[in-house]
Amino acid sequence: LQADVRCLERSRNLSFPSNHPLCLWMQTQAHLLSRATLDHVTSDADRGMLRQSMDLLGAEVMIPIHARQRFVGWLILGHQATGRPFTQTELEELMLLTDHVGVVIENALLFREVTQQKAFAEALLRSLPIGVIAADVGGLVYWFNDTAESILNLNRNDVHGRPIEQLGR
């Protein structure tokens, strides 16, 4: 994981491998961390590592982001512009925000996966030496491969979205 948007210059090029103690802690603990709650971390070693990480990142609040049942990043916030500490209500709203961000990331990952699967299926169908024509449940053509074009001497753009019956026998 790497720092990105509006981060401190000193942390801009930081990179955290997934096995870094901070990443592992965020993954297993899965809850908001703030300077005010650091004293509730029972392990002295964990508390020291977290404090050191927060100092390095200039963080007042760190919230893990999860998608697909795994830790994918975090929202890190420094001091508020007003200089006052975050209220409990603000922290709860930030947790909701990271839940929404997690859903957005999960949707983006799913979209990427579906797009890759579609591209693979299309490449496979294009390469088949037999003609393949696919129609939806309404009988409209939605797939017409190169071999089908050659066999029927039709252009896929002319038949796409038209009733399959118009192709003839």
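Listed by first and then second residue, the pairs with beta-carbon distance under 6 Å, at least 6 apart or on different chains, first residue in region 153-166 and under 13 Å from Ile133 (Cβ atoms), second among the small types (Gly, Ala, Ser) and surrounded by 10 or more Cβ atoms within 10 Å (Cβ to Cβ), are Pro163/Gly139; Ile164/Ala135; Ile164/Gly139. From the list Leu24, Leu57, pick out the single residue that is touching a Leu at 6+ places or on another chain (Cβ under 9 Å) and either surrounded by 15 or more Cβ atoms within 10 Å (Cβ to Cβ) or free of Cβ contacts under 8 Å to residues at least 40 places away in the same chain (or both). Only one candidate passes the filter, namely Leu57. If you check Val114 against the conditions, is it of a type in the set (Val, Ile, Thr) and either over 19 Å from the mean Cα position of the chain (by Cα) or open to solvent by less than 80 Å² (accessible area, probe 1.4 Å) (or both)? Against the criterion (of a type in the set (Val, Ile, Thr) and either over 19 Å from the mean Cα position of the chain (by Cα) or open to solvent by less than 80 Å² (accessible area, probe 1.4 Å) (or both)), Val114 does not qualify. In region 127-162, what residues are open to solvent by 70 Å² or more (accessible area, probe 1.4 Å), among the hydrophobic types (A, V, I, L, M, F, W, C) and part of a loop (DSSP other than H, G, I, E, B)? Those that are open to solvent by 70 Å² or more (accessible area, probe 1.4 Å), among the hydrophobic types (A, V, I, L, M, F, W, C) and part of a loop (DSSP other than H, G, I, E, B): Ile130, Val137. Among the residues of region 79-88, those identified as open to solvent by 80 Å² or more (accessible area, probe 1.4 Å) and more than 15 Å from Met62 (Cβ to Cβ) are Ala81, Thr82, Arg84, Gln88.
Across region 117-126, the qualifying residues are those that are of a type in the set (D, E, K, R) and over 30 Å from Phe71 (Cβ atoms), and the one among them that is most open to solvent (accessible area, probe 1.4 Å) is Arg126. Within region 118-146, no residue that is farther than 15 Å from Leu167 by Cα sits with its Cβ atom under 8 Å from a residue that is part of a loop (DSSP other than H, G, I, E, B) and open to solvent by 40 Å² or more (accessible area, probe 1.4 Å) at 6+ positions apart or across chains. Note on region 114-128: residues that are touching a helix residue (DSSP H, G or I) at 6+ places or on another chain (Cβ under 8 Å) and modelled with pLDDT of 90 or more total 0.
Screening the candidates Met54, Met49, Met95 for the property of being touching an Asp or Glu at 6+ places or on another chain (Cβ under 9 Å) and outside any loop (DSSP other than H, G, I, E, B) yields one hit, Met54.
Count of region 30-42 residues, restricted to those that are open to solvent by less than 80 Å² (accessible area, probe 1.4 Å) and in a helix (DSSP H, G or I), is 3.
The values are calculated or read from the model by the stated rules, or taken from the named source; none is laboratory data. Here the structure is a predicted model, which is why all the values come from computation and not from measurement. Note that we place each Cβ from the backbone using ideal geometry, even for glycine, and neighbour counts take in every protein chain shown. The protein model used for the area step is the full one, side chains on, heavy atoms only, and it has no ligands, DNA or RNA in it. Shrake-Rupley method; radii C 1.70, N 1.55, O 1.52, S 1.80 Å.
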